[in-house]
Amino acid sequence: MLLLKKLSEAAGVSGCENEVRNILKEELKEYADFKTDALGNLLFEKKNKGKKPRIMIAAHMDEVGLMITSILKNGFLKFESVGGIDDRILVSKTVTIGPNKIKGVIGAKPIHRQDPKERENALKIKNLYIDIGAKDQEDAEKKVKIGDYACFDTEFEIIGENIVKGKALDDRIGCFVVAELLKRNYEVEICGAFTVQEEIGLRGSGVAVYQLKPDVAIVVEGTFASDVPGTKEEEYNTVLGMGPAVTTMDRSFIANKGMRDRVFEVAKKNNIPCQPRRTNLGGTDGGRIQSIGEGIPTIVISVPTRYIHSPVSMADINDINNTILLINFLILDYQERGI
Amino acid sequence: MKELIKTLTETYGPSGNEEKIRNVIKDLVTPYADEVKVDALGNLIVHKKGSGDKLMLAAHMDEIGIIVTNIDDKGFIRFSSVGGVSPFILLGERVIFENGTIGVIGVEKIDDMKELKMKRLFIDIGASSKEEVMSKVKVGDMATYYRECNFLGKNISAKSLDDRAGCAVLIKALQEVENPKYDLYFVFTTQEEVGTRGAKTSAYSIEPELAIVVDVTICGDTPEGEKIAVDLGKGPAIKIKDMSVLSHPKIKQLLIDTAEKNNIPYQREVLDLGGTDAGSIHLTKEGVPSGGIAIPTRYVHTPSEMVNLDDLENTVKLLLAVIEG
């Protein structure tokens, strides 16, 4: 889990994925040939024994976060969100800003100074600012520039028996799974794509797949889990601890049916718990990947993750390990039986 | 034409699950084609050789539907939409799954119709336990409206005329074409209803010089209806624009000139909502001049869509006149 800790704690808001990219490069450079493309995707290629199909496994490196948009006279920073963030979860959170990891706190007008009507409404981004402890604008400008990214400042830990807690598990969990799989040896050709800018519109994966030209693609995600109070059981889209979740359809994508059924078969045969993702909400790189070129049969396998797109998310270590195992067996199945 | 429409509309085929409808169409077109293939996204690509430019003709095979998200202990099924399905239309409907399982749409007790949301609805397949449901229906399975095709005077009412009507036109045109002026690709696309996805990969592989999409459009001739100058029975509507494409002037003019020269009645479609496969096709690679012919259709995305037989025949005529020059 040390690699997952490093990945989770690295800053990598969409468009600024270099910390994550460097960790993965360092971790995997001995295992496969790699390159970084024009958009910043990190692409690995293992020819292995050259057997077909050529399988791509992909996960996105970027996370949702904030961008500094102006520096006020009194040294406070105004910001906008990058990717889908619920404004209501932002107030009083700590962040780090820019390459030098300047610490900041997201602040708001004290409750004492809010009139009764204001108190009833959730704070919006326009009501918030980041406080980096600067004296004034000049002082703040020494540390932060407009356009710098801010990223949640959350320590990665294991809590309870087997739950990991940290930021950006969407999709550093996927990066971790793909990294572990790239360390293994197969007979079929394997490419690994760590993509950029997924959170702002699936932008990196298209060009990645255009270069790698796989026969089939497996996207690994940290998908949201709604197995929590306030949600009816029929609205649980995934449940922690019940194994990797397999998508049939989301807003961006309908899975290749044959591949989807094959995943369930492989799971059953190898006694790996596995659940259908029971919603068609959300979107992933899968949507972009399958529609590139003449089309690529694609599937999305996700680790159920609570509280994604917030400063802290949670996932089950067993689910993570089972996702690695499941994809491993899926690759072996392709190796044995072809497409 | 009537029998063809009946066959096509009564076949199952929601987005991503087009296997059944693809097989039906494949059987109908194979005797007339030089080459038939299915690509990675499931598009059926039918090549009819000709000497001129590559012309891609597209109609989508998929239809709207619903997808199972949960099955409870008592055997009730919760679902979400595949494409533009309204909970109001689903009330009291029956639906059918790929394996023929039929279900009834039920609704929780609600006091105000404003509260009617998809999540308040469920499917009842007559099972009394989760296990019994699971032997027939699984999470992720899709269902479509279950509805017969009826002939009402000169009109036809059926589910999925969007876009099986377009598929029928393409099939007829392929069967009747004699001297094509173009190298023809008849493409029956997948996943149009969820974002014109199949058209994208098929256009990429074909690399057409021009493209014409045959899809349905809404009508403005019903009481207090939509504001659109398209009436049922007044001829195919030549696409000027929809939300996904501005028809290429060359294609638009070709269609208008051909209709006028051959005395085929036509209308002009200026659509303020929705898109078509032309939206994906015209942006493929270096760009493809694209346009469309729209079949006037009432009650689109309901189980009782309605088209007019003369409109269908005239759409075939117009398409044939274009491809035979």
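Place a point 7 Å from the Cα of B:Glu3 along the Cα-to-Cβ direction; which residues of segment B:158-184 have their backbone N under 19 Å from it? Under 19 Å, as judged by backbone N against the label point of B:Glu3, lie B:165, B:167-177 of segment B:158-184. Ranking B:Pro303, B:Gly292, B:Ala259 by how far each Cα lies toward the positive end of the dipole of segment B:212-303 (charges on Cβ) leaves B:Ala259 at the top. Look at the Cα gyration tensor of segment A:109-183: its axes a ≥ b ≥ c give a/c of at least 1.5 with a/b at or below b/c, and that counts as oblate. Each label point was placed 7 Å from the Cα along the Cα-to-Cβ direction; for B:Asp27 and B:Gln253 their separation is 4.5 nm.
At R0 = 45 Å, how high is the FRET efficiency between A:Lys213 and A:Val105 if r is their beta carbon distance? Nearest 0.05 is fine. Before the final figure, lay out the partial values.
On the way: r = 47 Å, r/R0 = 1.04.
So, using R0 = 45 Å, E works out to roughly 0.45.
Quick one: Debye curve from the C-alpha atoms of segment B:65-145, no solvent, what's log10 I(q)/I(0) at q = 0.17, 0.27 Å⁻¹? Once normalised to I(0) and log-transformed, intensities are -0.59, -1.43. Rounded, prolate or oblate: which one fits segment B:259-300, using the alpha carbon gyration tensor with axes a ≥ b ≥ c (rounded when a/c is under 1.5, else prolate when a/b beats b/c, else oblate)? It is oblate, given that a/c is not under 1.5 and a/b is not larger than b/c.
Taking trypsin sites (Lys or Arg not before Pro) as exposed when DSSP calls them loop and at most 16 other C-beta atoms lie within 10 angstrom, chain A has its longest site-free stretch at A:252-339. Take A:Phe34: with every protein chain present and a 1.4 Å probe, its accessible area is about 90 Å². Rolling a 1.4 Å probe across the protein heavy atoms gives segment B:65-145 an accessible surface of 46 Å² per residue. Computed with a 1.4 Å probe over protein heavy atoms only, the accessible area of A:Tyr31 comes to about 90 Å². Legend: Rg and Dmax of the protein assembly as shown, from Cα coordinates, 26.9, 82 Å. Approximating the spin labels as points 7 Å out from Cα along Cα→Cβ, the B:Asp124-to-A:Ile159 distance works out to 4.4 nm.
Using the crude model of +1 on Lys and Arg Cβ and -1 on Asp and Glu Cβ, and no other charge, please compute the dipole size for segment A:222-331 relative to its Cα centre, in debye to 20. If you can, show how the numbers build up before the last one.
Numbers: 11 positive and 11 negative charges, 38 e Å.
Charge dipole, segment A:222-331, about its Cα centre: 180 debye, nearest 20.
Note the buried accessible area between A and B here, summed over both chains, with a 1.4 Å probe, in Å² to the nearest 100. Let's see the in-between values first.
On the way: alone 15290 and 13910 Å², together 27120 Å².
It comes to approximately 2100 Å² buried between A and B.
Within 10 Å of each Cβ in B:197-209, how many Cβ atoms from other chains are there, averaged over the peptide? Walk me through the numbers on the way to the answer.
Numbers: counts 7, 2, 1, 6, 7, 2, 1, 5, 3, 1, 0, 0, 0.
Mean inter-chain Cβ contacts per residue within 10 Å come to 3.
The distance between label points at A:Ser92 and B:Asn179 comes to 8.2 nm (points 7 Å beyond Cα on the Cα→Cβ vector).
Expressed as a whole percent, the accessible surface of segment A:65-152 that belongs to carbon and sulfur atoms is 52, based on a 1.4 Å probe.
Counting DSSP beta bridges in the protein assembly as shown, what percent are antiparallel, to the nearest 5?
Numbers: 81 of 127 bridges.
Bridges in the protein assembly as shown that DSSP calls antiparallel: roughly 65 percent.
Counting protein heavy atoms only, chain B has 49 percent of its accessible area on carbon and sulfur, 1.4 angstrom probe. Each Cα pair under 8 Å and six or more residues apart adds its sequence gap; the mean of these over the residue count of segment A:150-268 is a relative contact order of 15 percent.
Helix B:309-324 and the longest principal axis of the C-alpha atoms of chain B enclose an angle of approximately 40°. Given a 1.4 Å probe and the protein chains as shown, A:Asp115 ends up with an accessible area of around 80 Å². Structure remark: mean-square fluctuation, Gaussian network model of chain A, C-alpha springs under 10 Å; the largest value among A:Ile289, A:Ile85, A:Ile57 belongs to A:Ile85.
The alpha-carbon of A:Lys46 sits under 21 angstrom from the alpha-carbons of these lysines, leaving out residues fewer than 8 places away in its chain: A:Lys25, A:Lys29, A:Lys35, A:Lys183, A:Lys213. For chain A, the mean projected area of the C-alpha convex hull, equal to one quarter of the hull surface, is 18.2 nm².
If contacts are Cα pairs under 8 angstrom and at least 6 residues apart, what is the relative contact order of segment A:220-339 in percent?
Details: 207 pairs, mean separation 41.3, N = 120.
That works out to 34 percent.
Listed by chain and number, the aspartates and glutamates whose C-alpha is less than 19 Å from the C-alpha of A:Lys145, apart from same-chain residues fewer than 8 away, are A:Glu17, A:Glu19, A:Glu80, A:Asp131, A:Asp136, A:Asp153. Placing R0 at 51 angstrom, the Cβ-Cβ distance between A:Arg119 and B:Ser86 gives a FRET efficiency of 0.85 after rounding to 0.05.
Taking a ≥ b ≥ c as the square roots of the eigenvalues of the Cα gyration tensor of segment A:65-152, is the shape rounded (a/c under 1.5), prolate (a/b larger than b/c) or oblate? The shape class here is oblate. Comparing each chain alone with all protein chains together (probe 1.4 Å, DNA, RNA and ligands left out), the residues of segment B:116-155 losing at least 50 Å² of accessible area are B:Val139. Below 22 Å, Cα to Cα, which lysines can A:Lys117 reach? Residues fewer than 8 away in the same chain don't count. Of all the lysines, those that pass the test against A:Lys117 - Cα under 22 Å, at least 8 places apart if same chain - are A:Lys109, A:Lys126. At a threshold of 20 Å², the residues of segment A:244-259 that become less accessible to a 1.4 Å probe in the full protein assembly than in their chain on its own are A:Thr248, A:Met249, A:Arg251, A:Ile254, A:Lys257.
Checking the table A:Lys73/A:Lys124; A:Lys6/B:Lys285; A:Lys52/B:Lys49; B:Lys20/B:Lys181; B:Lys26/B:Lys74; A:Lys268/B:Lys37 against a 29 Å threshold on Cα-Cα, which pairs fail?
The pairs that break the limit, which is 29 Å between Cα atoms, are A:Lys6/B:Lys285; A:Lys52/B:Lys49; B:Lys20/B:Lys181; B:Lys26/B:Lys74; A:Lys268/B:Lys37.
Out of the DSSP beta bridges found with both residues in chain B, what percent are antiparallel (nearest 5)? In chain B, DSSP labels about 60 percent of beta bridges as antiparallel. If only the Cβ of Lys and Arg carry +1 and only the Cβ of Asp and Glu carry -1, the dipole of segment A:31-126 around its Cα centre is close to 280 debye.
Given charges of +1 on the Cβ of Lys and Arg and -1 on the Cβ of Asp and Glu, with all other atoms neutral, how large is the dipole of chain B about its Cα centre, in debye to the nearest 20?
100
Arrange the residues B:Tyr266, A:Tyr307 by how much accessible surface each exposes, largest first, with a 1.4 angstrom probe.
If we order B:Tyr266, A:Tyr307 from most to least accessible, we get A:Tyr307, B:Tyr266.
Residues of segment B:36-62 with accessible area at least 40 Å² lower in the all-protein-chain context than alone (1.4 Å probe)? SASA drop of 40 Å² or more in segment B:36-62: B:Ala40, B:Leu41.
The values are calculated or read from the model by the stated rules, or taken from the named source; none is laboratory data. Just so you know, these numbers come straight off a predicted model, no measurement behind them. Virtual Cβ from ideal backbone geometry, glycine too; neighbours counted across all protein chains shown. Quick note on the areas: whole protein, heavy atoms, side chains included, nothing else; ligands and nucleic acids left out. Shrake-Rupley method; radii C 1.70, N 1.55, O 1.52, S 1.80 Å.
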